[in-house]
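The values are calculated or read from the model by the stated rules, or taken from the named source; none is laboratory data. Because the structure is a prediction, the values reported are computed rather than measured. Methodologically, a virtual Cβ is constructed for each residue, glycine included, from the backbone with ideal geometry; neighbour enumeration extends over all protein chains shown. SASA here: full protein model, heavy atoms, side chains in, ligands and nucleic acids out. Shrake-Rupley method; radii C 1.70, N 1.55, O 1.52, S 1.80 Å.
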Amino acid sequence: MAKLPVLTDGPFKELHPAMTMPEALREANRCLYCYDAPCTRACPTHIDVPAFIKKIASGNLVGSARVIFESNILGGSCARVCPVEALCEGACVHNSLQHSPIEIGRLQRVATDHVMERDIQLFEAGKATGKKVAIIGGGPAGLGCAAELAILGYSVTVFDDRAQPGGLNTYAMAQYKINTDFAIAEAKLLEQLGVHFKQNTHVGKDVPLAELEKDFDAIFIGVGLGATQKLGIPGEDLPGVVDALTFIEELKTKKPADVKVGKRVLVIGAGNTAIDAVTQAKRLGAERSAIVYRKGEDDMPAYDYEYEIGKSMGCDFYFHASPVRIEGNGKAEKLVCKNAQTGAELTLECDMVIKAIGQAKRAEFLKGFPQVALDDKGRVVVNAEFQTSNPKYFAGGDCVNGGKEAVDAVAGGKAAARGIHKKLNGAAANSKVA
Amino acid sequence: MKNSVIDLTTNTGGIISPNPFWLASAPPTNMGSMVERAFEAGWGGAVWKTIGQPIVNVSSRLATLDYRGSKMIGLNNIELITDRPIETNFKEIEKCKKRFPTHAVIASLMVESKRDAWHEIVKRTNDSGADGIELNFGCPHGMSERGMGSAMGQVPEYTCMVTEWVKEVAKVPVLVKLTPNVGSILPPGRAAVKGGADGLSLINTINSVMGVDVDTFMPYPMVNGMAAHGGYCGPAVKPIALNMVGELARDKETKHIPISGIGGVETWRDAVEFMLLGSTSVQVCTAVMHYGYRIVEDLIDGLTNYLREKGMTSPKQLVGKSAAAVTDWGNLDMNYKVLARVDKDKCINCNLCFVACDDGAHQAIKLVPDQARGGKAYPEIVDEECVGCNLCSLVCPSPGCISMVRMDGETQKLSWREVQEKGIAIKPGHANKNIERA
């Protein structure tokens, strides 16, 4: 692609816009090039951050991008969606020395954009091993696994039930963080490695599991989590009550003008997805957009900087407000909450309620895999090589870790690929990719 | 505290200026209107762009060394002396002197190596009212191919001879500007003194190729597909200039002669360093080409505040104060020992000291996890291996974190010269304790 899709205006205007080259050079030169750097340690995929930044400073942008993608095949998406404040940038030594960390995420974007804009292919499929691996789920875990296997010479097919690959990067991240088309484009780069994508394909429905087991030497499960959990309160099924993932998916797949948003929006929950929902609702024109959370400010699961984003965009926050029921005449009009400690009631007027209280595990779906054990929380149990209790099946990402960052899913998928390689190759897997 | 009165007036070999900050002979002193604007901005003196038979220049002429985001830490030029008639330059000097009688205007001169030619131009300088003359024996490009500039400065006999010719007729002090493109600065410096120079100015620019465009394969600055070596100046050359100034300031034959220091002066701090090593005044070019005449404001202000802080009243008190501290290696005390000491409270865990010492020095730092500090690894100095080289403290980005602490107990000094002179046998190798006698 000659020009990467970005929105510079309107409700989807980027939170962290691309750097100009002078800006990138100044920032890259500010990097101290730490040895055994804390930023690299803090990255779940252990990208050699000082190395890629030094390469930006030297003008070796292709080399920089290679360092990034070698560790993290979704380096472009992660540059946009990673909670860098909590990971690499949070670990930067400049937090103490200059009180402002190196902008690692945005620098990573400079390098990855450079090669994507120029269609520079960095990797090739490895010499064919003659073995085939099926990947179930085209999200970060599946893609991380697929890329690694393709480079190692496996024939890889990704089965994904969505119209487009990319998983949550494509369908569930606030649009001001990552543009849908970008997430899709980066996922599709894996086609250069010979990875086959079967979209709109439900394993177990469109493709019988028995067929996969017959056709493939190993199977990777990277199906993530399921739908938003139920509140279990009266009025939950009233029109005007939506779940956060559906709301965000709508704005990821439609034009801003076509996304329906209320005038008074209440978002139940206080995680990072809740912040995405409340801020996007505000950006889309809600007069009031508020978080309603049953516990206190300090208990919020959202990262501090996400909370800051919400506040800076003018969103409201109601704490110690446990939803009791949703009232309304044929549609959601009021949310009644109770303070669990004092018993005091709070009634908030609304015309839209967004549920963001976390995704349910996909235990029912996962139980369909033969002899693949789940723990008591519905997570797939894996060993150090990311192999499940059924030796043919490997797993990684949210369905294993219970729900973490995209970058953790990529790391999990990649580790599983090495596990698969070790199993299928017999010998210790010496990855071509560091 | 009562503020002392600071007088920045400077006398460089008989050339008086209201402050020690002069513009070097270069594009910023190309013509009268420029020098007048510079004086208005506060410059104490200006060495006129070299006057001689006008030349034809090429374009382009300049190229820079940029480093890690800093523009122009070095500058290179292939511009020659004035391209304007001799007559015009002297007329403008006359006009400038009338308007600024107390500022120093120094005529930089360069003509072919003939006694008559030098006499002629020096006489015209006398008539112009200029306060001094600077002989350009330094330009390393273009003019040197014509037997002038550094072609003179590189041959002490010529330097002496032309200086003598100039002194035969000059009615104002004569400075000789030296080229650094020599094996040692002492022979040309001594030759200038022998020829009767009233002062020395140095350094002129250094032979250089600034770089090559790796896309077009063309060196900079490119002139229609070719390039020539140019003269290198700017902040990057300061250490070279300081060494040469210092050498002349402590040499028996030249130490009495005033020096106008040149080479990478951009701030008052640079100027103070030049003065401490023996310069009476300093000349500035690159910094002005980068930022304009306005930088003189902080040169003056910074120097004034510095002198006040030091309880001094004149920059004269700085001149040569550090010159004697620079000596030959053989005079250094081999028994003086420093060891690195780390203040963990100031450590930011970048580990740069570790890798620098491990790969670039003496493997004298270990990274040791500190459970009291969350298990983070901190540098620990292995005293037996530390040779006190300074490297760790130099790479450390956190001020005050690594210090070099004296550990020898101030024992008796022992220099290599003494070892030689007294025939003391010592064991070779680095030592972190006193020199072992074999």
Those residues of segment B:14-32 that are open to solvent by 20 Å² or more (accessible area, probe 1.4 Å) and either more than 23 Å from B:Leu75 (Cβ to Cβ) or touching a helix residue (DSSP H, G or I) at 6+ places or on another chain (Cβ under 8 Å) (or both) come to a total of 5
Residue pairs qualifying under the 9 Å Cβ cut-off, at least six apart or on distinct chains, with the first in segment A:338-358 being touching a residue at least 60 places away in the same chain (Cβ under 8 Å) and the second being assigned to a strand (DSSP E or B) and acidic (Asp, Glu), are A:Ile354/A:Asp243; A:Lys355/A:Asp243; A:Ala356/A:Asp243; A:Ile357/A:Asp243
All conditions in (1) away from chain A (no Cβ under 14 Å); (2) closer than 30 Å to B:Met210 by Cα; (3) within 21 Å of the chain's Cα centre (by Cα) are true of B:Tyr67 except (1)
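Check segment B:407-418 and report whether any residue there is of a type in the set (Gly, Ala, Ser) and within 24 Å of A:Cys31 (Cβ to Cβ).
no
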Handout entry: A:Ile102 being over 20 Å from A:Thr45 (Cβ atoms), of a type in the set (Val, Ile, Thr) and open to solvent by less than 50 Å² (accessible area, probe 1.4 Å)
Key = no
Reported set for segment B:280-304 where residues are touching a residue at least 12 places away in the same chain (Cβ under 8 Å), of a type outside the set (A, V, I, L, M, F, W, C) and more than 13 Å from B:Gly42 (Cα to Cα) is B:Thr280, B:Ser281, B:Gln283, B:Thr286, B:His290, B:Gly302, B:Thr304
I'd like to know if segment B:41-62 contains one or more residues that are within 14 Å of another protein chain (Cβ to nearest Cβ), within 24 Å of B:Glu266 (Cβ to Cβ) and out of contact with any helix residue (DSSP H, G or I) (no Cβ under 7 Å at 6 or more places or on another chain). no
Across (1) within 27 Å of the chain's Cα centre (by Cα); (2) open to solvent by 10 Å² or more (accessible area, probe 1.4 Å); (3) more than 18 Å from B:Asn30 (Cβ to Cβ), B:Cys139 clears everything bar (3)
The correct count of residues that are assigned to a strand (DSSP E or B) and either within 14 Å of chain A (Cβ to nearest Cβ) or open to solvent by 40 Å² or more (accessible area, probe 1.4 Å) (or both) in segment B:329-341 is 1
For segment A:25-42 the number of residues that are more than 10 Å from chain B (Cβ to nearest Cβ) and aliphatic (A, V, I, L, M) is 1
Checked A:Gly105, A:Gly90 against criteria (within 14 Å of chain B (Cβ to nearest Cβ), assigned to a helix (DSSP H, G or I), within 24 Å of the chain's Cα centre (by Cα) and touching a residue at least 12 places away in the same chain (Cβ under 8 Å)); the one match is A:Gly90
Residue hits (segment A:233-256; assigned to a helix (DSSP H, G or I) and either out of contact with any Gly (no Cβ under 9 Å at 6 or more places or on another chain) or not hydrophobic (A, V, I, L, M, F, W, C) (or both)) are A:Leu245, A:Thr246, A:Phe247, A:Ile248, A:Glu249, A:Glu250, A:Leu251, A:Lys252, A:Thr253, A:Pro256
Worksheet item: When you look at B:Asp83, is it of a type in the set (Asp, Glu), within 14 Å of chain A (Cβ to nearest Cβ) and surrounded by fewer than 15 Cβ atoms within 10 Å (Cβ to Cβ), yes or no?
Response: no
For segment B:351-368, the count of residues that are free of Cβ contacts under 8 Å to residues at least 60 places away in the same chain and more than 12 Å from chain A (Cβ to nearest Cβ) equals 5
Go through the residues of segment A:365-373 one by one and say whether even a single one is closer than 16 Å to A:Ala227 by Cβ and not small (Gly, Ala, Ser). yes
Practice task
Take A:Glu14 and decide whether it is modelled with pLDDT of 95 or more and either more than 14 Å from chain B (Cβ to nearest Cβ) or more than 25 Å from A:Ala409 (Cβ to Cβ) (or both).
Solution key: no
Of the candidates A:Ala42, A:Ala24, A:Ala51, the one satisfying the condition of being within 18 Å of the chain's Cα centre (by Cα) and more than 20 Å from A:Gln121 (Cβ to Cβ) is A:Ala42
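Table: residues versus (1) modelled with pLDDT of 95 or more; (2) over 24 Å from the mean Cα position of the chain (by Cα); (3) surrounded by fewer than 22 Cβ atoms within 10 Å (Cβ to Cβ).
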| position | (1), (2), (3) |
| --- | --- |
| A:Ala227 | no, no, yes |
| A:Pro239 | yes, yes, yes |
| A:Ile248 | no, no, no |
| A:Lys254 | no, no, yes |
| A:Ile268 | yes, no, no |
| A:Ile275 | yes, no, no |
| A:Met300 | yes, no, no |
| A:Tyr305 | no, no, yes |
Per the filter on segment A:43-63, residues more than 11 Å from every other protein chain (Cβ to nearest Cβ), assigned to a helix (DSSP H, G or I) and open to solvent by 30 Å² or more (accessible area, probe 1.4 Å) are A:Lys55, A:Val62
Checked segment B:369-386 for anything more than 14 Å from chain A (Cβ to nearest Cβ), open to solvent by 80 Å² or more (accessible area, probe 1.4 Å) and free of Cβ contacts under 8 Å to residues at least 40 places away in the same chain; matches are B:Gln371, B:Ala372
Is segment B:259-266 home to any residue that is over 26 Å from B:Ser144 (Cβ atoms) and at pLDDT 95 or above? yes
**OP:** Evaluate segment A:64-73: report whether one residue or more is at pLDDT 95 or above, more than 14 Å from chain B (Cβ to nearest Cβ) and open to solvent by 30 Å² or more (accessible area, probe 1.4 Å).
**Re:** yes
- Message: Taking the conditions exactly as written (under 22 Å from B:Glu79 (Cβ atoms) and either surrounded by fewer than 21 Cβ atoms within 10 Å (Cβ to Cβ) or of a type outside the set (A, V, I, L, M) (or both)), does B:Glu112 satisfy them or not?
- Response: yes
